[in-house]
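Q: Sharing a structure, written as structure tokens. Questions coming.
Every number in this text was worked out from the coordinates using simple rules, so none of it is lab data. As the structure is a computational prediction, the values presented were derived from the model and not from experiment. Here the Cβ positions follow ideal geometry from the backbone for every residue, glycine too, while neighbour counts run over all protein chains shown.
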Amino acid sequence: MELRRYFRLRPYIGMYRRLDITPVQTARGWRDDGTLRERIPALDEYEAMASVSREKFAADHARYVASVSNDVMAASIELCAFMDVFCQIGTPQRVVDLGSGFSSYVFRSYAKNAEPPCEVHSVDDHAGWLGKTAEYLEGHGLDADRLWHWPDFISQIEPGSFDVVLHDMGSMEFRAESLSQVLTLAKSGGHVILDDVHKPAYRKHVHQVLESEGLEYLSLKKITGDSKARFAYLVFQK
Ligand SMILES: C[S@@+](CC[C@H](N)C(=O)[O-])C[C@H]1O[C@@H](n2cnc3c(N)ncnc32)[C@H](O)[C@@H]1O
């Protein structure tokens, strides 16, 4: 590229890389969204249901990111809406949210009136955040039972015992290291939601692991993509 042109475009190239707004991910997101709605026909009504969910959680989410956590660490409102809708249409009986926080609030709010009943476990690799999550849940009229420190959880819980698993725990290195174990938590026919796959190195690792284990996955970029370019994958346990 001609030098003057390069300097003119440089800020945009940096932004493009930082946000990872590659046409490949966007195209995959659109294609996978169609496949998702074919595989899970109840998601056909997604936009209407997600808009109700967003409205339900928006005020608490805004307060949570302003006063408890921040908008980089907490699950996005787009992901929260997806988790809520996914529970409504799938009526899971056991959910585990790895990486406690606002996601724990979303799942436990669903579980409060769920029929059939839904048991939610929330896990963290950082004991301090479990304490904050317990305080937040109790302050919002939800139970703070089944809060686990990751080493206790993974040594005591039977593999294949959850309908829905969210993996949003710890640093990206920890997330990559724990991925294989996390995938075993979902029962046959269950689903694992992997947040933050916008990060290229993590996404590459995710692809390697899922492909080596022969697990199908779909990009949720179209419906969980947020203003920080974050998005999630949905993995189908065999
Ligand atoms: C991406 S966060 C998990 C967010 C959680 N699922 C939520 O919706 O709030 C990953 C980990 O960072 C830690 N964490 C959460 N909020 C944090 C904050 N504001 N600052 C530093 N660490 C945080 C917790 O240990 C958590 O497991």
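Q: Label points 7 Å out from Cα along the Cβ direction at ALA66 and THR22: separation in nm?
A: Each label point lies 7 Å from its Cα, and together they span 3.7 nm.
Q: Apply the Karplus parameterisation 6.51 cos²θ - 1.76 cosθ + 1.60, with θ equal to phi minus 60°, to every residue of region 50-65 and state each ³J(HN,Hα) to the nearest whole Hz, in sequence, with x for glycine and proline.
A: Residue by residue, region 50-65 yields 5, 5, 5, 4, 4, 4, 4, 9, 4, 5, 5, 4, 4, 5, 4, 6 Hz.
Q: Taking θ as phi - 60°, what are the ³J(HN,Hα) couplings along region 197-203 by the Karplus curve (6.51, -1.76, 1.60), each to the nearest whole Hz, with x for Gly and Pro?
A: My calculation for region 197-203 gives 7, 6, 7, x, 5, 5, 4 Hz in order.
Q: Can you list residues from other chains, or at least 5 along the same chain, whose modelled amide H is less than 5 Å from the amide H of LYS187?
A: Here SER161, PHE162, ASP163 satisfy the definition.
Q: Would you pull out the residues with amide H under 5 Å of PHE231's amide H, same chain only if 5 or more places away, H placed 1.01 Å from N?
A: ASP196, VAL197, HIS198
Q: Also, quick follow-up: Might you report the magnitude of the Cβ-based charge dipole of region 95-170 about its Cα centre, with Lys and Arg at +1 and Asp and Glu at -1, to the nearest 20 debye?
A: Numbers: 4 positive and 13 negative charges, 31 e Å.
For region 95-170, the charge dipole is close to 140 debye.
Q: I would also like to ask the following. Quick one: of the DSSP bridges fully inside the chain, what percent are antiparallel, nearest 5? Walk me through the numbers before you get to the answer.
A: Details: 8 of 25 bridges.
The antiparallel fraction comes to roughly 30 percent.
Q: Still on this structure, please answer the following. So, R0 is 22 Å and r is the distance between the beta-carbons of LYS56 and ARG146; what FRET efficiency does that work out to, to 0.05? If you can, show how the numbers build up before the last one.
A: On the way: r = 23 Å, r/R0 = 1.03.
Once the sixth-power term is evaluated, E becomes 0.45.
Q: Just want the answer: with Cβ charges of +1 for Lys and Arg and -1 for Asp and Glu, which residue in GLY225, VAL68, CYS80 is farthest toward the dipole's positive end in the chain?
A: GLY225
Q: What is the distance, in nm, between label points placed 7 Å from the Cα along the Cα-to-Cβ direction at SER212 and at LYS112?
A: 4.3 nm
Q: Order of ARG39, ARG54, ARG63 from fewest to most other C-beta atoms within 10 Å? Write out the running numbers ahead of the final one.
A: Numbers: ARG39 13, ARG54 16, ARG63 10.
Ascending number of Cβ neighbours within 10 Å: ARG63, ARG39, ARG54.
Q: May I ask you to list the residues of region 83-103 whose amide nitrogen lies under 19 Å from a point 7 Å from Cα along the Cα→beta-carbon direction of GLN156?
A: In region 83-103, the label zone of GLN156 (backbone N under 19 Å from the point 7 Å along Cα→Cβ) covers 94-101.
Q: Spelling out what I want: for every residue of region 232-238, take phi, set θ = phi - 60°, compute 6.51 cos²θ - 1.76 cosθ + 1.60 (Karplus), and round to whole Hz; glycine and proline get x.
A: Rounded to whole hertz, the list is 10, 10, 10, 9, 9, 6, 5.
Q: From Cα pairs below 8 angstrom and at least 6 apart in sequence, can you work out the relative contact order of the chain, rounded to a whole percent? Let's see the in-between values first.
A: Values: 352 pairs, mean separation 47.0, N = 238.
After rounding, I find 20 percent.
Q: Would you kindly state the longest site-free stretch of the chain, with sites defined as GluC sites (Glu not before Pro) in a DSSP loop (not H, G, I, E, B) surrounded by at most 14 other Cβ atoms within 10 Å? Can you show the working numbers first?
A: On the way: sites that count: GLU2, GLU213.
Between exposed loop sites, the widest span is 3-212.
Q: Rounding to the nearest 20 debye, state how big the charge dipole of region 23-236 is about its Cα centre with +1 on each Lys and Arg Cβ and -1 on each Asp and Glu Cβ. Could you put the intermediate results ahead of the total?
A: Working: 21 positive and 32 negative charges, 105 e Å.
With Lys and Arg at +1 and Asp and Glu at -1, about 500 debye.
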